[in-house]
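For reference, the structure discussed in these notes is given below.
The values are calculated or read from the model by the stated rules, or taken from the named source; none is laboratory data. Note that the structure is predicted; figures quoted are calculated from it, not measured. Because the Cβ atoms are built from the backbone with ideal geometry, glycine has one as well, and the counts that use them run over all protein chains shown.
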Amino acid sequence: MSTGVQSVVGVQLTDITAPNSSKVLTPQALTFVAELHRRFNPERERLLARRTERQAEFTAGRLPDFLPETKEIRRAEWQVNKTPADLEKRWVEITGPVERKMMINALNSGANGFMADFEDSLSPTWENVVAGQINLRDAVRRAIEFTSPEGKAYTLKERTAVLMVRPRGWHLVEKHCLVDGQPISASLFDFGFYFFHNAKEALNRGTGPYFYLPKLESHLEARLWNDVFKAAQDQLSIPRGTIRATVLIETLPAAFEMDEILYELRDHIAALNAGRWDYIFSTIKKRRNESGFVLPDRAQITMNVPFMRAYTELLVKTCHARGAHAIGGMAAFIPSHKDKEVNERALAAVRADKEREVGDGFEGTWVAHPGLVPIAMEAFKAKLGDKPHQKERRREEVQVSARDLLNAQVPGGRITEAGVRSNTGVALQYLNAWLMGNGAAAIYNLMEDVATAEISRAQLWQWMHKGAQLDDGRVVTAALYKEIRDDELARLGNKEANRFDEAAEILDGLVLNEQFTDFLTYPAYDYL
């Protein structure tokens, strides 16, 4: 199959077998993306090195704080660019991978927005990544359709959710596309191809090129995205400010730089989002060597524990002070067709969570399943009525200090054998699904993605390396982990098609290694 890439100097595709790749991997698009990479990759690499330096500072006992050098930005009066009309009402946003059938269902779900994901809910096989670009191209043009093996046809309804795209984070590369002999930045690959093929088409259809930006750790990383946006718009003769992004505040350092992130992207930003699961993972990761810092079972880390409460309150206040939307966290529950009692309990919890968010001032929230859209929508409708947002609520009574953001006390928190088993089982099942090409895996009635697998393996590493004690007095050791891992493998591994042996190999490397691995996708990507 010819992709035309031979005519692009310095660009090499290591795999040209992905079906229909010539539709999106055109010479013109490859040239555009390669130019972005050549121009901005050196700064990307410098900022990733800065992440390593900051982690060394945290390990040495210097925890995150609000930056003294940017205090004037925090004190000054300024606003972000005016919100586009189709992003004014964002009560409910559904998320999912750039998989064809799931995209159609999400766009048809009744949600206000759909975040199509190249990141945590997509297993980045080359076929998935290329197909995702094709699916997005078709979705923008309302040409996306799908017929299941059983003959069921899926097409778009007349009214669909507003499309937003999440590229992979700055830390990742796309190994199947080399620029001057080196793997291209996955962020620039995902962003660049979508923008090149769809920005003008989206504008012609009354919307725009909208993005979600993951895993940022500083305002300098936001500045880099802003520079990329300016260059991309200039290159295609699209007015600056056309792109609009929502930044996920899902790392501990970013929570201390929300004002600064909004400021750097002020011409191109629409909102901040409270990425709760990755935020818990980042908190464990950044504070992993801190004396006395150990979090209890994941299930006990609710949105009402002090550090989570402080972070979300500050996010709403910061957004509203600057004229940006504040978008709440994920409801990952998958309604069950079999267990009515489980459904009722879980749906009541989802409803309470969304009522808390709108009560706190959020403009909208996330769900992982179309069945949750009506429940979330009802919560925002009851509070907001005919108003698309509540940015006029300045939340000036909220006063959040660095100490509040770092207050990881969990009243009654315990580490249990059930918690160790759950973390081990979730991590094994998710890694197995990911290796088999599925990045959005239904596990125990929850839609799990990389973020929840990250929490699971990070807790296992921390508990073992800190010699944490279970509530029954036993210490979490390598032997206990291995015993539970083997139990879980015996329970899970009898399925016909699986990659549990490799999943266990990856998890062992993450949990038993003396050094903490920053992202599980680093070693796991080598297996794809």
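Quickly run through region 296-325 and pick out the residues that are of a type in the set (A, V, I, L, M, F, W, C), outside any loop (DSSP other than H, G, I, E, B) and modelled with pLDDT of 95 or more. It would help to see each step written out before you state the result.
Initial filter on region 296-325 (of a type in the set (A, V, I, L, M, F, W, C)): 299, 301, 303, 305, 307-308, 310, 314-316, 319, 321, 324.
Right, trim to outside any loop (DSSP other than H, G, I, E, B) and you get 299, 307-308, 310, 314-316, 319, 321.
Correct list: Phe307, Met308, Ala310, Leu314, Leu315, Val316, Cys319, Ala321.
Out of curiosity, is Phe293 in a helix (DSSP H, G or I) and aromatic (Phe, Trp, Tyr)?
The answer is no for Phe293.
The conditions are (1) hydrophobic (A, V, I, L, M, F, W, C); (2) part of a loop (DSSP other than H, G, I, E, B); (3) closer than 23 Å to Lys89 by Cβ, and Ala271 fails exactly one of them. Which is it?
It fails just one condition, (2).
Quick one: what pairs do we get from region 195-214, first residue without any contact (Cβ under 8 Å) to a residue 12 or more places away in the chain, second surrounded by 18 or more Cβ atoms within 10 Å (Cβ to Cβ), C-beta under 9 Å, 6+ apart or different chains?
Here the result reads none, with nothing in region 195-214 linked to a residue that is surrounded by 18 or more Cβ atoms within 10 Å (Cβ to Cβ).
Here's the yes/no breakdown for (1) surrounded by fewer than 23 Cβ atoms within 10 Å (Cβ to Cβ); (2) hydrophobic (A, V, I, L, M, F, W, C):
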position: Leu428; (1), (2): no, yes
position: Tyr444; (1), (2): yes, no
position: Leu460; (1), (2): no, yes
position: Lys466; (1), (2): yes, no
position: Asp486; (1), (2): yes, no
position: Gly493; (1), (2): yes, no
position: Ala497; (1), (2): yes, yes
position: Leu520; (1), (2): no, yes
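Which of the residues spanning region 475-521 are under 28 Å from Val294 (Cα atoms) and either part of a loop (DSSP other than H, G, I, E, B) or not assigned by TED's automatic domain parsing to the domain that holds Gly439 (or both)?
Taking region 475-521 and keeping what is under 28 Å from Val294 (Cα atoms), we get 475-489, 503-521.
Those that are under 28 Å from Val294 (Cα atoms) and either part of a loop (DSSP other than H, G, I, E, B) or not assigned by TED's automatic domain parsing to the domain that holds Gly439 (or both): Val476, Thr477, Asn513, Glu514, Gln515, Phe516, Thr517, Asp518, Phe519, Leu520.
Which of the residues spanning region 184-210 are surrounded by fewer than 24 Cβ atoms within 10 Å (Cβ to Cβ) and either hydroxyl-bearing (Ser, Thr, Tyr) or not in a helix (DSSP H, G or I) (or both)?
Selection gives Arg205, Gly206, Thr207, Gly208, Tyr210.
Are there helices (runs of 4 or more DSSP H) fully within region 334-426 with at least 2 residues that are farther than 30 Å from Tyr481 by Cα and modelled with pLDDT under 95? List them. So that I can check it myself, show each step before the final result.
Numbers: elements: 340-360, 373-384, 402-405.
Those helices (runs of 4 or more DSSP H) span 340-360.
Here is a check on your reading of the model: is Leu87 touching a strand residue (DSSP E or B) at 6+ places or on another chain (Cβ under 8 Å), farther than 30 Å from Tyr527 by Cα and without any contact (Cβ under 8 Å) to a residue 60 or more places away in the chain? Spell out how you get there, then give the answer.
Working: touching a strand residue (DSSP E or B) at 6+ places or on another chain (Cβ under 8 Å): yes; farther than 30 Å from Tyr527 by Cα: yes; without any contact (Cβ under 8 Å) to a residue 60 or more places away in the chain: no.
Judged against the criteria, Leu87 is not a match.
Determine whether Arg223 is at pLDDT 95 or above, surrounded by fewer than 22 Cβ atoms within 10 Å (Cβ to Cβ) and in a loop (DSSP other than H, G, I, E, B).
So Arg223 does not fit the description; no.
Looking only at region 53-70, which residues are closer than 19 Å to Leu315 by Cβ and part of a helix (DSSP H, G or I)?
Thr70
Tell me whether region 37-54 contains one or more residues that are modelled with pLDDT under 95 and among the small types (Gly, Ala, Ser).
No - not one qualifying residue is present in region 37-54.
So if I check each of Phe211, Phe193, which one is among the aromatic types (Phe, Trp, Tyr) and closer than 21 Å to Lys23 by Cβ? Explain how you work it out, then say what you get.
Values: Phe211 fails: closer than 21 Å to Lys23 by Cβ.
Unique residue meeting the criteria: Phe193.
Conditions first: (1) in a helix (DSSP H, G or I); (2) in the same structural domain as Leu107 (by TED's automatic domain parsing). Trp434 passes all but one, so which condition is the exception?
(2)
Residues Gly110, Gly181, Gly96, Gly151: which one is assigned by TED's automatic domain parsing to the domain that holds Leu262, of a type in the set (Gly, Ala, Ser) and either under 16 Å from the mean Cα position of the chain (by Cα) or buried (at least 24 other Cβ atoms within 10 Å of the Cβ) (or both)?
Sole residue among the options that is assigned by TED's automatic domain parsing to the domain that holds Leu262, of a type in the set (Gly, Ala, Ser) and either under 16 Å from the mean Cα position of the chain (by Cα) or buried (at least 24 other Cβ atoms within 10 Å of the Cβ) (or both): Gly96.
Yes or no: region 30-51 includes at least one residue that is of a type in the set (D, E, K, R), surrounded by 16 or more Cβ atoms within 10 Å (Cβ to Cβ), under 30 Å from Ser291 (Cα atoms) and under 27 Å from the mean Cα position of the chain (by Cα).
Yes.
Looking at Ala270, Ala255, Ala274, which one is over 14 Å from the mean Cα position of the chain (by Cα) and under 20 Å from Asp117 (Cα atoms)?
None of the other options fit; the residue is Ala270.
Find all pairs meeting these conditions: Cβ atoms under 9 angstrom apart; at least six residues apart or on different chains; first residue within region 158-180 and free of Cβ contacts under 8 Å to residues at least 24 places away in the same chain; second residue in a strand (DSSP E or B).
Val173/Gln182; Val173/Pro183; Val173/Ile184; Val173/Ser185
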